[in-house]
1. What are the residue pairs meeting all of these: first residue in the range 345-367, first residue of a type in the set (A, V, I, L, M), second residue in a loop (DSSP other than H, G, I, E, B) and open to solvent by 60 Å² or more (accessible area, probe 1.4 Å), Cβ atoms under 9 Å, and 6 or more apart or on different chains?
2. Going through THR183, THR128, THR167 one at a time, which residue ends up being polar (S, T, N, Q) and crowded, with 16+ Cβ neighbours inside 10 Å?
3. Which of (1) out of contact with any Ser or Thr (no Cβ under 8 Å at 6 or more places or on another chain); (2) farther than 17 Å from ARG188 by Cα; (3) outside any strand (DSSP E or B) does SER131 not meet, given it meets every other one?
4. Hey, VAL39 hits all of (1) touching a Ser or Thr at 6+ places or on another chain (Cβ under 7 Å); (2) part of a helix (DSSP H, G or I) but one; which does it fall short on?
5. Considering each of LEU191, LEU155, LEU203, LEU197 in turn, give the residue that is closer than 30 Å to PRO122 by Cα, assigned to a helix (DSSP H, G or I), hydrophobic (A, V, I, L, M, F, W, C) and open to solvent by 60 Å² or more (accessible area, probe 1.4 Å).
6. Just give me the residues in the range 206-221 being open to solvent by less than 60 Å² (accessible area, probe 1.4 Å) and either in a helix (DSSP H, G or I) or among the β-branched types (Val, Ile, Thr) (or both), in sequence order.
7. Could you tell me whether any residue of the range 212-223 is at pLDDT 85 or above and in contact with a helix residue (DSSP H, G or I) (Cβ under 7 Å, 6 or more places away or on another chain)?
Amino acid sequence: MKTRCSSLIIAVLVAAGCSNKPAQSRVEAAAKADDPLEVRVALAETRRVERTIAVTGSLAPDETVTVSAEVAGRVTAIHADFGQAVRKGEVVAELDQREFALQLERSRAALAQALARIGLMPGQEEVTPESTPAIRQARAQLEDARFKYENAARLVKTGDVSRERFTELEKAYHARQAAAEATGDELRTQLASIQALRAEARLAEKRLNDCTVRAPFDGAVTARLVSPGQYMRENTPIVTVVKTHPLRLRVDIPETVSGQVRTGSTLTFTTDAAPGAEFRAVVRELNPALDARSRSLTAEARLTAADGRLRPGMFVQVRLVVAGGAGAVVVPREALYRVAGLTKIFTVRDGRVAEHKITPGPDIEGWVEMPAGAVRPGDEVAVSRLAMLVDGARVKAVRREK
């Protein structure tokens, strides 16, 4: 009986001792909970920031042309294909030249024949002869008729020549005068004919040269539209060539900030094709009127430097500065705590945390602009253990090293 009582007493004492340990742990935890939480803090600063808006633009080539031939003919060769680079004056296509070569030969022969009529050689189209064989013949006949007329005029007075013979010689003399004048008119007509034949020869030469199609500028071929052996009519497209430098940036500026963009303004833009890279372009032209439907102003800029990552047709995100040099309070990016669609920051003053729900401004090189009145310059903001902070909590602030 005594043994049972002893065992019961011991069990009660053991149970009592065990029940005291959890209570002691809770007391120690409560004591630790009263200790302030150590957090790192940084100072809010005032910085000069630019006010910007984001708009969408697109890149366009500096020049685009569909190269064609001015003459009809059969394609004999294509020297440029899709994606190839071409230089200005480089041959991109050739047409059959035989027909045009024969036309040129015929025109040159007709010109040489007309030159021979007035005693000139090929290549003397610009020469105006003082006389021609016809002119010299007419002048000789005129001198002979004059001599006979003048003799008859003296002899008719003495009766050695009859009046009828004198009249006949007088008419012959006047006829030779008219014939001599006609040779001058004929020469002027032949000279005009030579100029016409010369123009025809030049036109035939041009049409022959048009059988060789050349690139109008340095660029790249984006489309080949014909094949060798194909017969083409005049002005049939052969290839499309684009000039990719300098690229043009076209962007529509909202009406509300259209006055902030001027010729010479610099635009910065990014593209998904080159993540992390920023490019620049200078505004060269502005549309004199706003678009009636979108109420936007179209601006065109030229890129300041060539970059192989940029191609015509790309969409880009343009950052447009609408106001520069404005003062704003900023805090480090690490001070922002985002949860459940809300953005918060925690300021520390006199060892206590104050919670602020904010709408953050733009991120500028790791610093985020604060809305007016949320934070003052010089305030301490927590940058660590943000998930553990609540409004009014006691903390120990440790200044962050810069």
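The values are calculated or read from the model by the stated rules, or taken from the named source; none is laboratory data. Note that the structure is predicted; figures quoted are calculated from it, not measured. Don't worry about glycine lacking a Cβ; one is built from the backbone with ideal geometry, like all the others, and counts go over all protein chains shown. SASA here: full protein model, heavy atoms, side chains in, ligands and nucleic acids out. Shrake-Rupley method; radii C 1.70, N 1.55, O 1.52, S 1.80 Å.
1. Listed pairs, sorted by first residue: VAL353/VAL390; VAL353/ASP391; ALA354/ASP391.
2. Details: THR128 fails: crowded, with 16+ Cβ neighbours inside 10 Å; THR167 fails: crowded, with 16+ Cβ neighbours inside 10 Å.
Unique residue meeting the criteria: THR183.
3. (2)
4. Result: VAL39 fails condition (2) only.
5. On the way: LEU191 fails: open to solvent by 60 Å² or more (accessible area, probe 1.4 Å); LEU155 fails: closer than 30 Å to PRO122 by Cα; LEU197 fails: open to solvent by 60 Å² or more (accessible area, probe 1.4 Å).
Only one candidate qualifies: LEU203.
6. To start, the set of residues in the range 206-221 that are open to solvent by less than 60 Å² (accessible area, probe 1.4 Å) comprises 208, 210-213, 215-217, 219-221.
Across the range 206-221, the qualifying residues are LEU208, THR212, VAL213, VAL221.
7. Our first condition is that a residue be at pLDDT 85 or above; within the range 212-223, this holds for 212-223.
Then drop every residue that is not in contact with a helix residue (DSSP H, G or I) (Cβ under 7 Å, 6 or more places away or on another chain), which leaves none.
Within the range 212-223, not a single residue is at pLDDT 85 or above and in contact with a helix residue (DSSP H, G or I) (Cβ under 7 Å, 6 or more places away or on another chain).
Okay, residues lined up against (1) open to solvent by 30 Å² or more (accessible area, probe 1.4 Å); (2) under 18 Å from ASP363 (Cα atoms):
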site: LEU267; (1), (2): no, no
site: ASP272; (1), (2): yes, no
site: ARG295; (1), (2): yes, no
site: LEU303; (1), (2): no, no
site: PRO332; (1), (2): no, yes
